[in-house]
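Undergrad: Sharing a structure below in structure tokens format, with a few things to ask.
The values are calculated or read from the model by the stated rules, or taken from the named source; none is laboratory data. This is a predicted model, so every value here is computed, not measured. Positions of Cβ are generated from backbone atoms using ideal geometry, with glycine treated the same way; all protein chains shown enter the neighbour counts. Keep in mind that these areas ignore ligands, DNA and RNA; they rest on the heavy atoms of the full protein, side chains included. Shrake-Rupley method; radii C 1.70, N 1.55, O 1.52, S 1.80 Å.
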Amino acid sequence: MPAFFHHLSEVLYQVLECVGVNPWVVERRRHTFLHREAAWDVFHHQTGHDMTTFHFGSQSEGTTTPGLQSDTDMLITWNLINIMFSWADWQQGMRNLLMVREEDTPPQHYLLQWISSVIPQPVTHFHHPDCVTDSQGRVFLSNMTFVRVAAAQFGDEHIRHGPSNSFSEDWDFVTALYCKTLPSEIMSWFTRMQHGYWPSQETLQAAQRCGCFLVPDGHHGSVNQEIEWRITPNLIERLLMFSLNMIPIQCLVVLKMLKKQEFVKHINCVNCKFTTFHCKTALFFTLHRTQQTIWIKSRLIECIVMCLQTILEFLNQGEFPHFIVEEVDLFDGKLCRECQLRLEQAIQGMIQDDMHVLFHLQSDDLGQRLMALPHDVRPYPGDDVNAGICGKLVKDMFEQYLTHVRMACSRLCDNAEADVITSLNNEITMLEDLAVNVRATQYHTNYIKFIVKYLTSVKASVTSSSCIQSGQPLPPDIWQLYSLSLNTDVASSKLKLASMHYCRGELMRAASVLNEVEFDLDDSVQPVCGCSIKPYYNKLSKAFCEYTVQNDSHEQLTKKLSFCVRFLREEKFCAPWFLWCEMYRAVGDDVDHRTDNESDWMDWAEVDVRPFLLYLQYLTYRGLGVRHRQLVAFHGLKDIVTSQDKMDQLYHGETVLNLLGHCCELEGDVQRALSVYNHSVQSMPRNNAANWHTQRLELMLNN
């Protein structure tokens, strides 16, 4: 290897650290996605679905950078289906499927035969669109089952890539079946691994307990393509990735960058592709064959070259073996022989050119960084790229949490109003019991604490609303409920408390809480909402990102997050009457024009924290007769609406416009109010309470 490789390796290591491939960001990615898996576990438990969700791939492994723009991979498995590797695996009362292989079944694939849930005998001649019956009367599960479900769920946005179904190129959803018994073609891997430098014996022992998945993906060109299921050892692969230190991880990231920019130039067939999984597999083989003493910082480029040589070896022999599953060729159906030869020549050229290709990599400006970064400059955790990664991980995680909370609130609202408190109590008790379950991890506990606080806040508000409506005094324990829930985030629960005080005519108490919220809402507070999977233009503040670098516990993070303030209809007497209009925003057939995500929250009042703070301040100080504070709030609200940058940060911009319109009305400027309401309608023509307000003011002006 050239002598300069040692120095260049040190510099490359530092550059990769600067773009998020460093120990603490990799660890943060992994913990974040394990938290998200736990949140899905709890959500499935709440909704009565016996399912388990896993995150696999680059995002959860920590083998990506912002420039690689990796999608997020989710695998969902139904636990009510029992996969039988042999008749000994049959379980009474379960939906049993027996793994079957015929003489012509391709490697890595199985057929799944329906077996009775009553007695261990095959089901025969079962007519169902998800089943296929062969000439022998055997009934097999079609792998198109989940495709039909996804197509119905995602509609026109449905995207299908192999076993993956999605509504966006940023996400990959795979519905699979879990097999707790590892088949022979995976078990043989453990024997093969006894001779090699990696993985360790501890890792191999843990891998034997992993199990595998069957994904709905038939072999291309097979006569049984629609009833074949492919086995995939995702859990073992994730275990292997989690066992690696930074040098192999950085090595894989560079291979992905080369794949994205350089390899693709030499693949000229439409249906041919060299994937990131090929890169990962090459890394695994290289690690297995080489001593661990080679995988050090000063030999990083040498390690990259060794991985490229592994790829060259497979290209030369025209077969790319799967690292774990025996007899599988990863070139089959992926890369034709012509493209293999072209790619082989390209990689040979890169190695012969002493890897100068690294200086031309555009992803994350790696090439420019490589030439510009002095060898003695060290990246620091709080720099822009790394802080931005941490900020986005936190924001995305809490958006998922709030989406789950929104769905929980929707289920609660399906009950009669009198039963909502009972349902809340049952939900909170169930969650608290789940938290002490022997299978609950710290990830589960963290999420459960969060959602219990949120539901406690809802309970406090629903209880208060009922008392205000009936003219009854608040129960003695109401303040304990508010106290337990005030730190769900920095502001939303406190604003609901202030709103309750306002609605009870306790204006000084309301003003006191509002002053506290105003003090806490500094530039490092990040707005987050769970109403939309695709938030508008919501950006991350630099101060927030820098905060997330040093603070990663749920309690610390919620001090710098502001959730949109939500009032269910059952809480409406704790909200200013004007917000009630948001709960009944539909005009004519507007309800028919709501998406699935909008169908629940559009029956509630949802408003961003900062504008709601100003609106409540305006109302409170108006009631107190403190005109100068009232005007400060009014002008602050106008400042948000007239600033495109600030409006772009909002999740419910139309509601903020409506609040400003109401303030204009209270100021006696009806024409300005009508103009603001019209602007709101222009921004969101349907399912907007401004439609009611414009009609109301037009009638007023005409009379």
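Undergrad: Give the residue, chosen from L631, L616, that is in a helix (DSSP H, G or I) and open to solvent by 30 Å² or more (accessible area, probe 1.4 Å).
TA: Exactly one residue qualifies, and that residue is L631.
Undergrad: Can you name the residue in segment 82-110 that is acidic (D, E) and touching a residue at least 24 places away in the same chain (Cβ under 8 Å) and, of all such residues, is surrounded by the fewest Cβ atoms within 10 Å (Cβ to Cβ)?
TA: D104
Undergrad: Would segment 338-354 turn up any residue that is without any contact (Cβ under 8 Å) to a residue 40 or more places away in the chain, over 33 Å from the mean Cα position of the chain (by Cα) and within 22 Å of N234 (Cα to Cα)?
TA: No, there is no match, as no residue in segment 338-354 is without any contact (Cβ under 8 Å) to a residue 40 or more places away in the chain, over 33 Å from the mean Cα position of the chain (by Cα) and within 22 Å of N234 (Cα to Cα).
Undergrad: If you don't mind, another one. Can you go through S464, S485 and tell me which one is modelled with pLDDT of 95 or more and in contact with a helix residue (DSSP H, G or I) (Cβ under 7 Å, 6 or more places away or on another chain)?
TA: Answer to the selection: S464.
Undergrad: Counting residues that are more than 30 Å from C179 (Cβ to Cβ) and in contact (Cβ under 8 Å) with a residue 24 or more places away in the chain, which helices (runs of 4 or more DSSP H) fully inside segment 1-81 reach at least 1?
TA: Where helices (runs of 4 or more DSSP H) fall fully within segment 1-81 and carry at least 1 residues being more than 30 Å from C179 (Cβ to Cβ) and in contact (Cβ under 8 Å) with a residue 24 or more places away in the chain, they are 4-18, 23-47.
Undergrad: Output the residues belonging to segment 103-136 that are assigned to a loop (DSSP other than H, G, I, E, B), more than 17 Å from L80 (Cβ to Cβ) and under 39 Å from the mean Cα position of the chain (by Cα).
TA: T105, P106, P107, Q108, F126, H127, P129
Undergrad: If you don't mind, there's one more thing I want to ask. I'd like to check something: does segment 560-568 contain any residue that is out of contact with any strand residue (DSSP E or B) (no Cβ under 7 Å at 6 or more places or on another chain), in contact (Cβ under 8 Å) with a residue 60 or more places away in the chain and either outside any loop (DSSP other than H, G, I, E, B) or open to solvent by 50 Å² or more (accessible area, probe 1.4 Å) (or both)?
TA: There is no residue in segment 560-568 that is out of contact with any strand residue (DSSP E or B) (no Cβ under 7 Å at 6 or more places or on another chain), in contact (Cβ under 8 Å) with a residue 60 or more places away in the chain and either outside any loop (DSSP other than H, G, I, E, B) or open to solvent by 50 Å² or more (accessible area, probe 1.4 Å) (or both).
Undergrad: So S643 ticks every box in (1) of a type outside the set (A, V, I, L, M, F, W, C); (2) free of Cβ contacts under 8 Å to residues at least 60 places away in the same chain; (3) crowded, with 24+ Cβ neighbours inside 10 Å; (4) closer than 26 Å to D520 by Cβ but one. Which box is left unticked?
TA: For S643, the exception is condition (3).
Undergrad: Among the residues of segment 422-429, is there at least one that is at pLDDT 90 or above, among the β-branched types (V, I, T) and within 25 Å of D596 (Cβ to Cβ)?
TA: Within segment 422-429, none of the residues are at pLDDT 90 or above, among the β-branched types (V, I, T) and within 25 Å of D596 (Cβ to Cβ).
Undergrad: If you take the residues in segment 160-184 that are crowded, with 20+ Cβ neighbours inside 10 Å and among the hydrophobic types (A, V, I, L, M, F, W, C), which one is nearest to the chain's Cα centre (by Cα)?
TA: In this case the residue turns out to be F173.
Undergrad: Among the numbered conditions (1) more than 30 Å from Y547 (Cβ to Cβ); (2) open to solvent by less than 70 Å² (accessible area, probe 1.4 Å); (3) touching a residue at least 12 places away in the same chain (Cβ under 8 Å); (4) under 35 Å from the mean Cα position of the chain (by Cα), tell me where G367 comes up short.
TA: With (1) more than 30 Å from Y547 (Cβ to Cβ); (2) open to solvent by less than 70 Å² (accessible area, probe 1.4 Å); (3) touching a residue at least 12 places away in the same chain (Cβ under 8 Å); (4) under 35 Å from the mean Cα position of the chain (by Cα) applied to G367, the lone miss is (3).
Undergrad: Output yes when any residue across segment 187-200 is open to solvent by less than 40 Å² (accessible area, probe 1.4 Å), assigned to a helix (DSSP H, G or I), in contact (Cβ under 8 Å) with a residue 40 or more places away in the chain and closer than 27 Å to W40 by Cα, and no when none is.
TA: Checking segment 187-200: not a single residue is open to solvent by less than 40 Å² (accessible area, probe 1.4 Å), assigned to a helix (DSSP H, G or I), in contact (Cβ under 8 Å) with a residue 40 or more places away in the chain and closer than 27 Å to W40 by Cα.
Undergrad: What residue, among those in segment 285-300 that are among the hydrophobic types (A, V, I, L, M, F, W, C) and in contact with an Asp or Glu (Cβ under 9 Å, 6 or more places away or on another chain), is least open to solvent (accessible area, probe 1.4 Å)?
TA: Checking each candidate, the answer is L300.
Undergrad: Residues of segment 465-500 being among the hydroxyl-bearing types (S, T, Y), closer than 16 Å to L521 by Cα, in contact (Cβ under 8 Å) with a residue 60 or more places away in the chain and assigned to a helix (DSSP H, G or I), which ones?
TA: Residue satisfying the conditions is S492 alone.
Undergrad: Which one of these is farther than 28 Å from K334 by Cα and surrounded by 15 or more Cβ atoms within 10 Å (Cβ to Cβ): Q153, Q136, Q121, Q113?
TA: Result of the check over Q153, Q136, Q121, Q113: Q113.
Undergrad: Among the candidates N678, N687, N658, which residue alone is over 22 Å from A491 (Cα atoms) and in contact with an Asp or Glu (Cβ under 8 Å, 6 or more places away or on another chain)?
TA: N687
Undergrad: When the residues of segment 260-274 are narrowed to those that are open to solvent by less than 30 Å² (accessible area, probe 1.4 Å) and not charged (D, E, K, R), which ends up farthest from C307 (Cα to Cα)?
TA: C272
Undergrad: Report whether or not F359 is open to solvent by less than 70 Å² (accessible area, probe 1.4 Å) and part of a loop (DSSP other than H, G, I, E, B).
TA: Answer is no for this residue.
Undergrad: Among residues belonging to segment 536-552 that are assigned to a loop (DSSP other than H, G, I, E, B) and open to solvent by 50 Å² or more (accessible area, probe 1.4 Å), point out the one that is modelled with the highest pLDDT.
TA: L540
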